[in-house]
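First the structure, in the form of structure tokens, and then the observations on it.
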2 protein chains.
Amino acid sequence: MCQLLGMNANTPTDIVFSFTGLATRAVEHKDGFGAAFFEDAGVRLFTDHASARQSPVADFLKRYPIGSLNVIAHIRKATQGSVALRNTHPFLRELWGRHWVMAHNGDLKGFRPRLHGAFRPVGETDSEHAFCWLLQELSKAHASVPPTTELTATLAELLPQAAAHGSFNLLLSDGRALWAHASTSLHWLQRCHPFRAARLKDEDLSIDFARVTTPQDRVVVVATEPLTDDECWTALQPGELQCFVDGAPA
Amino acid sequence: MCQLLGMNANTPTDIVFSFTGLATRAVEHKDGFGAAFFEDAGVRLFTDHASARQSPVADFLKRYPIGSLNVIAHIRKATQGSVALRNTHPFLRELWGRHWVMAHNGDLKGFRPRLHGAFRPVGETDSEHAFCWLLQELSKAHASVPPTTELTATLAELLPQAAAHGSFNLLLSDGRALWAHASTSLHWLQRCHPFRAARLKDEDLSIDFARVTTPQDRVVVVATEPLTDDECWTALQPGELQCFVDGAPA
């Protein structure tokens with residue numbers, strides 16, 4: 001299985017602290033990693049088929065703070081598809097003139113719906129196939145980019161169809177919102193005023209968020225397993241879909 | 001105007017030397033940069049709206065050799081569209097289950113063909129609009145991914161339609177081939193056995209390619225202006241389209 005990390009904020013926020021925690025878990029999840037950072041409608045996508053513990057790209061991301069309102073990161077343990085850049089999450093496509101980014105943790109055995117739209121997988125993973133199907137169905141449901149609330153309603157109809165074939169822990173973003181869907185394991189927390197310090201579970205590293213924030217800042221972090229051991233994380237329930245906008249549940 | 005850099009090789013080759021030369025020219029071309037590296041069907045895309053002279057991402061690329069058969073890089077001087085990540089070349093889309101990457105130097109004033117297909121620009125540049133139109137027309141001309149020779153023939157019909165509206169110096173790749181189209185300025189050279197040393201025009205930096213290559217290696221480099229002053233560069237003629245495969249004209 002893989003591990004997911006998502007971030008949604010109301011002010012440009014970096015994920016150096018959380019990504020450092022995630023990368024520590026790349027002992028088992030060594031088959032590549034990726035991270036996508038939205039800046040307005042633009043997106044930066046960093047991927048590597050090397051482990052996030054050894055990759056020079058991951059090392060760069062642990063040192064270089066990129067301010068973003070929506071981030072999706074992923075460390076991979078290959079279950080379907082070889083260890084190659086083309087099979088590395090997150091995946092990126094354009095729909096309605098917006099970039100869409102998705103990362104998946106789980107297995108969708110036998111879920112190979114027909115792709116008759118404009119989206120085709122480049123690699124061999126079940127995840128990228130499901131992403132292409134999801135965008136195909138979204139493009140049929142809406143002629144142009146709808147409000148996020150309408151997208152949430154459409155996703156609530158679509159995601160169970162895929163999740164029925166296995167486990168579909170999912171992070172999805174178009175740069176406006178972060179959608180999180182849980183099958184087996186996905187946790188989230190919100191950080192807001194008054195900010196406190198937090199300590200990574202996997203590494204001897206703490207940060208005092210009060211020193212790097214303003215009282216108006218709000219940040220949601222979503223992760224497969226809680227990244228810190230001194231904050232209160234909430235587990236998404238199996239089948240639960242949550243949309244986050246401006247650092248809060250929408 | 002912007003500056004382009006392309007590389008096509010028959011063995012994984014890095015562009016650290018050439019990119020260092022290109023980045024030196026980012027004094028005038030300071031409005032962002034990007035570089036896309038294919039690894040088989042997979043692609044890594046690095047972009048930044050900061051200048052390639054100051055950007056930590058560019059600094060990383062000057063130090064980290066990424067072996068690739070096809071690379072497209074671009075430094076931007078904004079003419080249409082604001083300085084933002086969404087307007088930064090190269091642009092990336094998927095067609096026929098392959099990633100397509102394009103960078104453009106020039107202006108296509110008034111070229112806003114109707115986009116009725118699956119590709120929509122995310123930013124505001126004439127370049128991305130032309131890229132979406134090009135992929136739309138390619139997808140109408142071929143039901144699935146054709147051989148590169150057929151694609152060259154289709155591109156030879158399409159590109160003049162855009163180039164008629166201004167200047168369309170273009171680099172395009174799907175990871176199998178590198179296409180170069182010139183309106184005003186594009187130069188290329190091939191490096192092969194026996195390899196020699198080369199010296200950057202813009203910076204006091206030399207490399208002896210004989211030390212880092214094997215006799216079978218072949219590499220084509222394409223650039224807006226020659227990057228070295230001790231090698232023989234060939235200018236593409238206005239309107240000329242050239243396809244490069246395995247480090248040689250195809």
Using only the Cα atoms of the protein assembly as shown, what are the Rg and Dmax in Å?
22.5, 66
At q = 0.11 Å⁻¹, what base-10 log of I(q)/I(0) does the Debye formula yield for region A:1-94 when every alpha carbon is treated as an equal point scatterer in vacuo?
-0.27
Under 5 Å, built H, 5+ apart or other chain: amide partners of B:Gly239:
B:Ala182, B:Ser183
For A:Thr214, A:Thr88, what's the fewest-to-most ordering of other Cβ within 10 Å of each Cβ?
A:Thr214, A:Thr88
Identify the residues of region B:5-20 with backbone N under 18 Å of a label point that sits 7 angstrom from the Cα of B:Ala250 along the Cα-to-Cβ direction, or state none.
B:6-13
HN-Hα J in Hz across region A:90-101 - Karplus 6.51, -1.76, 1.60, θ = phi - 60°, x for Gly and Pro:
x, 9, 10, 9, 10, 9, 6, x, 10, 6, 10, 10
Can you give the Kirkwood hydrodynamic radius for region A:144-225, in Å, rounded to one decimal and based on Cα pairs?
15.3
Mean separation of Cα pairs under 8 Å and 6+ residues apart, divided by the residue count of region B:3-249: what relative contact order is that in percent?
23
Cross-link partners among lysines for A:Lys30, C-alpha distance below 29 Å, same-chain residues fewer than 8 apart left out?
A:Lys62, A:Lys77, A:Lys109, A:Lys201, B:Lys62
Using a Förster distance of 22 Å, the FRET efficiency for A:Thr79-A:Leu205 (Cβ separation, nearest 0.05)
0.15
So if we plug the beta-carbon distance of B:Ala141 and A:Gln237 into 1/(1 + (r/R0)^6) with R0 = 51 Å, what FRET efficiency do we get, rounded to 0.05?
0.60
Tell me the distances, shortest first, between A:Glu240 and the same position across the other copies, using label points 7 Å along Cα→Cβ, in nm to one decimal.
6.3
Take every residue in peptide A:57-64, count the Cβ atoms of other chains within 10 Å of its Cβ, and give the average of those counts.
3
Using the beta-carbon distance between B:Gln54 and A:Gln216 and R0 = 41 Å, what value does 1/(1 + (r/R0)^6) give for FRET efficiency, to the nearest 0.05?
0.90
Inter-copy spacing of B:Pro56 label points, which lie 7 Å from Cα along Cα→Cβ, given in nm from shortest upward
1.7
Taking the square root of 5 times each eigenvalue of the Cα gyration tensor, what semi-axes in Å does the equivalent ellipsoid of chain B have, largest first?
27, 21, 16
Would you tell me the mean number of C-beta atoms belonging to other protein chains that fall within 10 Å of each C-beta in A:96-104, as a whole number?
2
If one computes the Cα centroid of region A:199-214 and of region B:145-196, what distance in Å separates the two points?
50
How large is the helix-only mean residue ellipticity at 222 nm for chain B, computed as the sum of -39500 (n - 2.57) over DSSP H runs with n ≥ 4, divided by its residue count, in deg cm²/dmol to the nearest 500?
-6000 deg cm²/dmol
With viscosity set to 0.692 mPa s and temperature to 37 °C, compute the Stokes-Einstein D of region A:84-196, Rh being the Kirkwood radius across alpha carbon pairs; µm²/s, no decimals.
221
Angle between the Cα long axis of helix A:126-141 and the longest principal axis of chain A, 0 to 90 degrees, nearest 10?
70
I'd like the Karplus ³J(HN,Hα) series for region A:177-193: coefficients 6.51, -1.76, 1.60, θ = phi - 60°, whole numbers in Hz, and an x wherever there's a Gly or Pro.
9, 10, 9, 10, 10, 10, 10, 10, 8, 7, 10, 9, 8, 10, 10, 8, 5
Give the average, rounded to an integer, of partner chain Cβ atoms located within 10 angstrom of each Cβ in B:40-49.
6
For region B:113-157, what is the convex hull (Cα atoms) projected area averaged across all directions, in square nanometres?
3.4
Under 18 Å from the B:Arg112 label point (7 Å along Cα→beta-carbon), backbone N, region A:71-100:
A:97-98
Looking down the axis that turns B into A, which residue of B has the closest beta carbon, and how many Å out?
B:Ala118, 2
Round to the nearest 10 and give me the degree value, 0 to 90, for the angle of helix A:148-163's Cα axis relative to the longest principal axis of chain A.
70
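None of the figures in this text is laboratory data; all of them are computed from the coordinates on show. Remember, it's a predicted structure, so these values are computed and weren't measured experimentally. Ideal geometry is used to build each Cβ from the backbone, glycine not excepted, and the neighbour counts take in all protein chains shown.
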